[in-house]
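Peer 1: One structure is given below, represented as structure tokens, and several questions about it will come after.
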Amino acid sequence: MTTGRCYKLSPSELTFLYNSCKHCFVMKVRHGIYQPSIPLPGIFSTIANLQKDYFADKRTEDFLPELPPGKVEYGEKRIKSDIISFSDFPATCYIQGRFDVVLSLDDGTWLVGDFKTGRSAPEKTEMYGRQLHAYAYSLENNAGDFLSLGPVTQLGLIYYTPADCDMDENIFNLKGGLEWNEVPLDMENFQGFIKDVLTLLEGPLPNPSEDCNWCNFRALTQNVEGGSVGLPEIPKCPDCGGPMAKRNGRNGSFWGCRAYPNCFGTLDI
């Protein structure tokens, strides 16, 4: 075990990245080495913004009667949790991200939801549930001036599934229904999951995954003769041993640890 650090966890990282490749997850969270990003098609951002504007302040019975009585109160707000610690474990963490939607329910409690475009996928409920629990935990255990709400009593996914289209006076309309998938709320289980994540981060680096395209790409390039020729030499962090990146500060350029803010190691250039 390494000495305990305080890790920043993104709710989205606890879904696909954690599920798909533990090696890449640790590389990103502990060492600040990201998989190359692939921009999402702009249509998804457009749909998300239109949904946010359309559902603002709407009553649940006006757009999805399966939801408990209440109204849409917040859309796309940033959240940050207080430090999460365990008495028998040295490492700590906090959660920081941005939720899709929060509803105020008529019984005085709150519902945290997430919009998904596509067909309902019940088999992914557990994975998406981590993301929703991360939002809920952060709202009930907020840091500083970040949004504080509670109690959160319900979590769930709102699926929009395009199913039809037509034209009306030169306006192309894409039509589809909404479906509500409730996610069981179990904060005790979520906290156990967070402890497992910290154990993974503090332990040895997991082996690359055979099912990970990025791990396979790195392995293939390493086996090509001359594949590393011309690549810049990157120093190791004097504090954690991870790779560093060139950064600019008030006194000029320097090497800073890629794992910042989890590690503050620096070197002069």
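Laboratory data are not the source of any read-out in this text; all were calculated from the coordinates shown. Computed from a prediction, not measured in an experiment: that's the story for all the values here. Note: ideal-geometry Cβ built from the backbone for every residue, glycine included; neighbour counts use all protein chains shown.
Peer 1: Hey, how many Å between the Cα centroid of segment 4-60 and the Cα centroid of segment 109-145?
Peer 2: Comparing the Cα centres of segment 4-60 and segment 109-145, I get a distance of 12 Å.
Peer 1: For Leu149, which sequence-distant residues (separation of 5 or more, or a different chain) have an amide H within less than 5 Å of its own amide H, given hydrogens modelled in the peptide plane?
Peer 2: So Leu149 has HN proximity to Glu140.
Peer 1: Explain nothing, just compute: Karplus ³J(HN,Hα) = 6.51 cos²θ - 1.76 cosθ + 1.60, θ = phi - 60°, for every residue of segment 132-147 in order, whole Hz, x for Gly and Pro.
Peer 2: These are the phi-based 3J(HN,Hα) values: 5, 5, 4, 5, 4, 4, 5, 5, 7, 9, 6, 9, x, 8, 5, 3 Hz.
Peer 1: Which listed residue (Leu50, Pro36, Pro68) has the Cα farthest towards the positive end of the charge dipole for segment 1-122, taking +1 on Lys and Arg C-beta and -1 on Asp and Glu C-beta about the Cα centre?
Peer 2: Toward the positive end, the furthest listed residue is Pro36.
Peer 1: Remind me, relative contact order of the chain in percent, using alpha carbon pairs under 8 angstrom and six or more residues apart? Mind dumping the intermediate values first?
Peer 2: Working: 466 pairs, mean separation 54.7, N = 269.
The value is 20 percent.
Peer 1: Taking DSSP loops as anything outside H, G, I, E and B, show the longest stretch in the chain free of GluC sites (Glu not before Pro) there with at most 14 other beta carbons within 10 Å.
Peer 2: 77-168
Peer 1: Can you say what percent of the DSSP beta bridges in the chain, counting only those with both residues inside, are antiparallel? Round to 5. Could the numbers behind the result be given before it?
Peer 2: Numbers: 39 of 51 bridges.
Just about 75 percent of them are antiparallel.
Peer 1: Can you list the lysines whose alpha carbon sits under 16 Å from that of Lys195, skipping same-chain ones fewer than 8 residues off?
Peer 2: Straight-distance partners of Lys195: Lys8, Lys22.
Peer 1: Let me ask something additional. Which order, highest average first, do 241-249, 77-85 follow once you tally other Cβ atoms within 10 Å for each residue and take the mean per peptide? Write out the running numbers ahead of the final one.
Peer 2: Working: 241-249: 14.6, 77-85: 16.8.
By packing density, highest mean first, the sequence is 77-85, 241-249.
Peer 1: Taking R0 as 41 Å, what's the FRET efficiency between Ser209 and Glu169 from their Cβ-Cβ distance, rounded to 0.05? Please list the in-between numbers first.
Peer 2: Details: r = 51 Å, r/R0 = 1.25.
Approximately 0.20, to the nearest 0.05.
Peer 1: Oh, and also: Quick one: Karplus J couplings for segment 12-29, per residue in order, coefficients 6.51, -1.76, 1.60, θ = phi - 60°, nearest Hz, x for Gly and Pro?
Peer 2: 5, 5, 7, 9, 5, 5, 4, 6, 7, 7, 5, 4, 5, 4, 5, 4, 6, 6
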